[in-house]
Amino acid sequence: AQTVTQSQPEMSVQEAETVTLSCTYDTSENNYYLFWYKQPPSRQMILVIRQEAYKQQNATENRFSVNFQKAAKSFSLKISDSQLGDTAMYFCAFMKLRAQKLVFGQGTRLTINP
Amino acid sequence: GAVVSQHPSWVICKSGTSVKIECRSLDFQATTMFWYRQFPKQSLMLMATSNEGSKATYEQGVEKDKFLINHASLTLSTLTVTSAHPEDSSFYICSAPTRGWTEAFFGQGTRLTVV
């Protein structure tokens, strides 16, 4: 079975700083997807970024980028120029190819301070 | 982007009653939907996979008779919490995959409180 571990329960940074959230996972699969989801106080799950395991290039979405290390089974999220609206719970998630079932990490509560 | 609508957003019910939660895919068809449960300050745990036209697949430890899932159409899945008890109070979220099965879209969630 797949497991996802987020070792940072809480993080806090000042606005405009850069912050990196950690995620490690365990799987015997070779092809899969990894995701970072954001859950603001509204509790709506919002996709931040997605990475296909077969792609070596790290995914980037504006201020959000990942550092995907397949051999190390590590998938960290970097948020640059952090904004107050980035305050939320962030979940790392794993999905087997075509399975659509997501396995979530424990989450990291990120607070951006003004 | 694809939209998944969940209703109601919140519900309070008396212990022993049943509550139905709906999950609709508004602009696409979803033969499969997923139901998650989230306790306060915790992660999402998959409860079951809802399959259109067939029985749902439940995760280990989830009571099938308590959490009834029906997926009668390509755009609607329902979760019924039967004979609800206070320990069933939680946040329930549904999701549906995109056509290419590369991403999941989530409903807004339902906060259930059993008193």
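In table form, for the structure just shown:
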read-out: For region A:59-71, 3J(HN,Hα) per residue [Karplus equation, 6.51 cos²θ - 1.76 cosθ + 1.60, θ = phi - 60°, Hz, x = Gly/Pro]; value: 6, 9, 9, 6, 7, 9, 9, 10, 10, 9, 10, 5, 4
read-out: Residue A:1 paired with residue A:55, simple spin-label distance in nm, labels 7 Å along Cα-to-beta-carbon; value: 3.0
read-out: Net +/- balance of residues flanking residue A:50 in space, Cβ distance below 11 Å, scoring K and R +1, D and E -1; value: -2
read-out: Relative contact order of region A:1-41, defined on C-alpha pairs under 8 angstrom at six or more residues apart (%); value: 47
read-out: Estimated FRET transfer efficiency (residue B:115, residue B:58; beta-carbon r; R0 22 Å; 0.05); value: 0.25
read-out: Under 19 Å, Cα to Cα: Lys pairs in the protein assembly as shown, sequence gap 8 or more or different chains; value: 19
read-out: Test item: Cα-centred dipole of region A:1-78, Lys/Arg +1 and Asp/Glu -1 on Cβ, debye; value: 160
read-out: Ranked by how many other beta carbons lie within 10 Å on average, peptides B:29-39, A:69-79 from highest; value: B:29-39, A:69-79
read-out: Order of A:54, A:37, B:58, A:32 under a 10 Å beta carbon neighbour criterion, fewest first; value: A:54, B:58, A:32, A:37
read-out: Partnerless Cys - the protein assembly as shown, beta-carbon criterion under 4.7 Å; value: B:13
read-out: Inter-chain shielding of A:39-49 (mean C-beta neighbours from other protein chains, 10 Å cut-off); value: 4
read-out: Simple Cβ-charge dipole of region B:22-91, Lys/Arg +1 and Asp/Glu -1, about Cα centre, in debye nearest 20; value: 80
read-out: Separation of the residue A:11 and residue A:84 label points, Cα + 7 Å toward Cβ, nm; value: 2.2
read-out: Three-way shape label, region A:52-109, alpha-carbon gyration tensor, a/c 1.5; value: oblate
read-out: Value of relative contact order over chain B, rounded to a whole percent, pairs C-alpha under 8 Å and six or more apart; value: 37
read-out: Length-normalised contact order for region B:16-80 - Cα pairs under 8 Å, 6+ apart - percent; value: 37
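Laboratory data are not the source of any read-out in this text; all were calculated from the coordinates shown. Please read all numbers here as calculations on a predicted model, not as lab measurements. Cβ: placed from backbone, ideal geometry, glycine included. Neighbour counts: every protein chain shown.
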